[in-house]
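Worksheet: one structure, shown below.
What follows draws every value from the coordinates through simple rules; no lab data is involved. Everything quoted here is computed from the prediction, not taken from an experiment. In this analysis, Cβ positions are derived from the backbone assuming ideal geometry, glycine residues included, and neighbour counts consider all displayed protein chains.
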Amino acid sequence: MPSTTRFPLTNCQPVRYADVASPWLTTRSATIAATLLDRLRLWRRRFNDRRGFPVLDERELRDFGLSRWDVERELAKPFWRG
């Protein structure tokens, strides 16, 4: 004789999508927002660093271990490329 397993109903209220999805979406959204913010900060730092290169003279570039050619190559890159 086949047996049927019955589970007791613990909550008979209809499940709202917001109750189920919110914790996951909130955590996921926070992670995405933090990653995006970190990326924007990195791009801004690269932009500012590259903007400061042209004001350095040859002696200062040598102190950093760079040549004028290294600086020109770095300045040719867009800010989103490392």
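Figures for the structure shown
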item: Cβ-based charge dipole, region 25-76, positive-most Cα from Thr31, Val55, Ser67; result: Thr31
item: Nearest-20 debye value, region 25-76 charge dipole, Cβ charges on Lys, Arg, Asp, Glu; result: 380 debye
